[in-house]
1. If amide hydrogens are placed 1.01 Å from N in the peptide plane, which non-local residues have theirs closer than 5 Å to the one on Ala109?
2. Net charge within 12 Å of Asp134 by Cβ-Cβ distance, Lys/Arg positive one each and Asp/Glu negative one each, not counting Asp134 itself?
3. All other residues with a Cβ under 9 Å from the Cβ of Ala121 taken together, and with Lys, Arg as +1 and Asp, Glu as -1, what is their net charge?
4. ³J(HN,Hα) across region 69-82 via Karplus (A = 6.51, B = -1.76, C = 1.60, θ = phi - 60°), whole Hz, x for Gly/Pro?
5. Mind listing the phi-derived Karplus ³J(HN,Hα) values for region 189-194, rounded to whole Hz, using 6.51, -1.76 and 1.60 with θ = phi - 60°, and x for any glycine or proline?
6. Could you pull out every residue, at least 5 positions away or on a different chain, whose amide H is within less than 5 Å of the one on Gly56? Hs are placed 1.01 Å off N in the peptide plane, and Pro or chain starts have none.
7. Could you tell me the accessible area of Arg154 in Å² (1.4 Å probe, neighbours in place), rounded to the nearest ten?
8. Which value results when the Cα radius of gyration for region 154-194 is divided by 2.2 N^0.38 Å?
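The values are calculated or read from the model by the stated rules, or taken from the named source; none is laboratory data. Note that this is a predicted model, so its numbers are computed, not measured. Counting neighbours? That spans all protein chains shown, and the Cβs are built from the backbone with ideal geometry, glycine included. The accessibility values were calculated without ligands, DNA or RNA, using every heavy atom of the protein model including side chains. Shrake-Rupley method; radii C 1.70, N 1.55, O 1.52, S 1.80 Å.
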Amino acid sequence: MRLQLLKTALLATVVGMISVGCSSTQPHSEQKSQKISHKNNAPIQTIAVNAVSAQGIDAKIGTISFQDSPQGLVITPKLSELPSGFHGFHIHEKGSCAPAEKDGQMGAALAAGGHFNPQQAAGHGTPNEGHLGDLPVLNVDSTGEAKTAVVAPRLKLADIQGLAIMVHAGGDNYSDHPKPLGGGGDRIACGVIR
């Protein structure tokens, strides 16, 4: 009899827990619309991106879209014709992709200036520290396409108007050592954000 009472009590507890876990104060349709309401409705800005060289601005290689989100600025590339691998990816301080002279030589997109750094951070760093223009690396697949979105947690779309976005030839180690500015090297693609 005691065993039967224990089994009944245990069964009632389990059924009660399941009932509480499955119950809700809202109808199912309202729960569904609540999930949908978290969808990002912020405006999207899309810009053209061109290959660049010391001779000038070359052919269009795709677009990059920008959209504010609760996590930061979402940057979505749709680029092609790039060397596969990881590439330094940064917001630069001036809205130009034109070549310019440095140390007596012309360089690709040097008119864009350095990394966007309005807070005068001491050095190059990760997207969470360092220059505000320091972004996660751009991942280019084996076909030369970059389609993976990245998030810049400290930026908003309004912050980058009139600036440039840059793709570098090499990767980015988020440090100034052993080479400055993450070691990305030459600028190979650029777009003006306006």
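1. Ser53, Ala100
2. That works out to -2.
3. For residues surrounding Ala121, the net value is -2.
4. Per-residue couplings from phi come out as 8, x, 8, x, 7, 8, 10, 10, x, 9, 10, 9, 6, 10 Hz.
5. 8, 8, x, 9, 9, 8
6. HN-HN under 5 Å from Gly56: empty list.
7. The value for Arg154 is about 80 Å².
8. Against the compact-globule rule of thumb, the ratio is 1.35.
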